[in-house]
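Note sheet for the following structure.
The values are calculated or read from the model by the stated rules, or taken from the named source; none is laboratory data. Please read all numbers here as calculations on a predicted model, not as lab measurements. Cβ placement follows ideal geometry from the backbone for every residue including glycine, while neighbour counts extend to all protein chains displayed.
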Amino acid sequence: MNAPTQGQTSTPPRVRIIQHAGKPVVLLDFAGITDRDDGLAAVAEARRFVATLPADGTHCTLTDVRGTRYDRKIVEAFKELTEHNRPYMRAAAVISDSAIHRAAITMIAAFSRRKLAVFDTREAGLEYLTRPD
């Protein structure tokens, strides 16, 4: 990846750790992905990133899927990622603006035996993930 030139800004990575209320949250930013290959690449990147974390069940993920286009392959990749992430995560929030996405998220949660709390905004998801235990 080339460094930005004068007047350009770099795009933050889709998968990264952000801070909210002094706590780290793994952001899986899939928002706006409409191309299947881009989506599959982003899911693979997320899987690699999460695999670098300690598998101690203490991490939280905020997954933003607003404006994302799903097909069978993408849903299958999300299912596999969600199952893969189980030993690493304490909690997960998903940001969605679509009833169809919410139905897919419910199916993915059932398949992976994980609770995936769904919210309309990142702020609401972050508040949920960083609330005192």
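Could you please find all residues in the range 102-119 being over 16 Å from residue 30 (Cβ atoms) and not small (Gly, Ala, Ser)?
Those that are over 16 Å from residue 30 (Cβ atoms) and not small (Gly, Ala, Ser): 106, 107, 111, 113, 114, 115.
What pairs can you find where one residue is in the range 98-120 and loosely packed, with under 12 Cβ neighbours inside 10 Å, the other is among the aromatic types (Phe, Trp, Tyr), and their Cβ atoms are less than 8 Å apart, with a gap of 6+ or different chains?
As it stands, the answer is 100/70, since those pairs meet every condition given.
Determine whether residue 39 is at positive phi, small (Gly, Ala, Ser) and at pLDDT 95 or above.
On the way: at positive phi: no; small (Gly, Ala, Ser): yes; at pLDDT 95 or above: yes.
In short, no.
Mind counting the residues in the range 92-101 that are more than 18 Å from residue 20 (Cα to Cα) and under 14 Å from the mean Cα position of the chain (by Cα)? I'd like the intermediate steps shown before the answer.
First pass over the range 92-101, keeping only residues more than 18 Å from residue 20 (Cα to Cα): 96-101.
Filter once more, keeping what is under 14 Å from the mean Cα position of the chain (by Cα): 96, 101.
Summing the residues that are more than 18 Å from residue 20 (Cα to Cα) and under 14 Å from the mean Cα position of the chain (by Cα) in the range 92-101 gives 2.
Can you find, within the range 84-97, the residue that is surrounded by the fewest Cβ atoms within 10 Å (Cβ to Cβ) among those that are over 14 Å from residue 57 (Cβ atoms) and without any contact (Cβ under 8 Å) to a residue 60 or more places away in the chain? Reasoning before the result, please.
Filtering the range 84-97 for residues over 14 Å from residue 57 (Cβ atoms) gives 93-97.
Next cut, without any contact (Cβ under 8 Å) to a residue 60 or more places away in the chain only: 93-94, 96-97.
Values: 93: 23, 94: 25, 96: 23, 97: 14.
So, considering only residues that are over 14 Å from residue 57 (Cβ atoms) and without any contact (Cβ under 8 Å) to a residue 60 or more places away in the chain, the one surrounded by the fewest Cβ atoms within 10 Å (Cβ to Cβ) is 97.
As an exercise: evaluate residue 75 against (1) at pLDDT 95 or above; (2) more than 12 Å from the chain's Cα centre (by Cα) and give the number of the one condition it does not meet.
(1)
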